[in-house]
Amino acid sequence: MILNRRTALLGLTAAVSLGPASLAVAPAGTDRRLVVILLRGALDGLAAVQPYGDPAIARWRGPLLLPEPGQAEGLLDLGGRFGLHPALGGLHGLYRNGEALILHATAGPWRSRSHFEAQDDLESGAAQRLDSGWLNRTVLALPSPPARGGAVGQAVAVGTAMPLLLEGPARVANWAPSRFGAPAPDLYARLAALNRADPVLGPAIAEGLRSRGFAERVMDEEGAASMRERNTFPALAAAAAELLAAPDGPRIAALEIGGWDTHADQNARLVQPLRQLDAGIVALKAGLGPAWAGTAVLALTEFGRTVRANGTKGTDHGTGTVAFAAGGAIAGGRVLGDWPGLSEPALFEERDLQPTTDLRALIKGMLAAHLGLAETALAQILPDSAGVGPMLGLVRAG
């Protein structure tokens, strides 16, 4: 599992132990679990949740459109009008079971189409970069944990770096298991690809890899990328579930998955990250066991993509997109949001899906109903959001 500045599994307020490495901190003062998944790169909401019932989409999307529900390799129906990408079969099962919902035509208050600026805004929870993340401020707002050592707001980040989402006054430690120091599975493939043209090193490395059972396809750039992608996110999600399921473990976690910046060949390139996301959510449910009933998962991206397909069968940076919520605590089986339509006058700046719901309403609604945070706490967690009320009805009663 390769982790960099923006790739970490973060278990908050946890007791973590692996072999000789150990780090113990206090659990959060709640038995509810909250998982935030950052989808870095700008997920195309119109591809993940295609509005097949909107007649205008054919004008803009053409070759990017997937077959409608009921057709071969078609969309997974969400009750008419919208269809889920077929790579999200696990999420569709949760949706049908009332454990997942979709918020369409949403965006944060920012209008930047820069990945870095928009990701910082998403993690800050504001239309400008702050010096702390909204999830860190959530930790501070939670009730005092049981007296089992540690201080209120202590947290542990499992990985090698800390994202802005968790930076801030709440104490957050970094911890990485020793296996992170081992070579990543794709390292050999990358070495082979880099040295293939060398008349001495190229054949020697290739022969050495073959002797260790590596197939030829593993020893090129495409194979290296495939190995990097395969099972990385589901493995992180399974590790998060193990931490979250422990009686004295964390109650809040954040994960991330990239691969959503689909400027070219979008249909082919989206399949792998969608499958990874889907398998990760399924792994969370499996690993959490009975704790899934009190769990909410939010999957959020920095902005959407253009309504029009570009000349390379991809899409460019846009505005409105989708957000997903899943978990046993979610009152699911619904597509939420005020659909603006895709007619030309309805587009934002004549190019993007018009956002009709502020993403902060979803976050506020989840923090209020799921974690029981009061309006005063929400105002501190998401500053400058007084005009945005919490979305209601997200969580199951009781």
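Since every read-out is calculated from the coordinates, none of them should be taken as a lab result. Remember, predicted model here, so these are calculated numbers, not experimental data. Glycine also receives a Cβ, built like all others from the backbone with ideal geometry; neighbour counts cover every protein chain displayed.
With 5 Å bins beginning at zero, the pair-distance distribution over Cα atoms of segment 43-101 amounts to 4, 20, 30, 27, 12, 5, 2 %. Between Ile330 and Arg396, the built amide H atoms are under 5 Å apart, and every one of these is 5 or more places off in sequence or on another chain. Of the trypsin sites (Lys or Arg not before Pro) found in segment 85-119, the ones in coil according to DSSP and having at most 16 other Cβ atoms within 10 Å of their Cβ are Arg111. Between Asp131 and Ala58, the distance separating the two model label sites (each 7 Å from Cα on the Cα→Cβ line) works out to 5.6 nm.
Evaluate the Kirkwood expression for the hydrodynamic radius of segment 235-289, namely the inverse of the mean inverse distance over all pairs of different C-alpha atoms, and round to one decimal in Å.
About 12.3 Å for segment 235-289.
3J(HN,Hα) along segment 377-382, derived from phi through the Karplus expression 6.51 cos²θ - 1.76 cosθ + 1.60 where θ = phi - 60°, amounts to 5, 4, 5, 7, 5, 10 Hz, with x in place of Gly and Pro.
Rg/Rh, computed from the Cα trace of segment 306-384 with Rh as the Kirkwood radius, has the value 1.08. For Glu256, the residues whose modelled amide H falls within less than 5 Å of its own, excluding neighbours fewer than 5 places apart on the same chain, are Ala8, Leu38. Reported value for segment 261-398: 130 Å³ per residue, from the convex hull of its C-alpha atoms.
Counting only Cα atoms, segment 270-328 measures 48, 21, 12 Å along its principal axes, largest extent leading.
Rounded to the nearest Hz, the phi-derived 3J(HN,Hα) couplings of segment 46-54 under the Karplus curve 6.51 cos²θ - 1.76 cosθ + 1.60 (θ = phi - 60°) are 6, 8, 5, 10, 7, x, 5, x, 8, where x marks glycine and proline. Shape summary of segment 86-134, radius of gyration then Dmax from alpha carbon positions: 15.1, 40 Å. A cut-off under 11 angstrom between Cβ atoms defines the neighbours of Trp339, and their net charge, with Lys, Arg +1 and Asp, Glu -1, is -1. Farthest towards the positive end of the charge dipole of segment 29-104, among the residues His104, Thr30, Leu84, is the Cα of Thr30, using unit charges on the Cβ of Lys, Arg, Asp and Glu.
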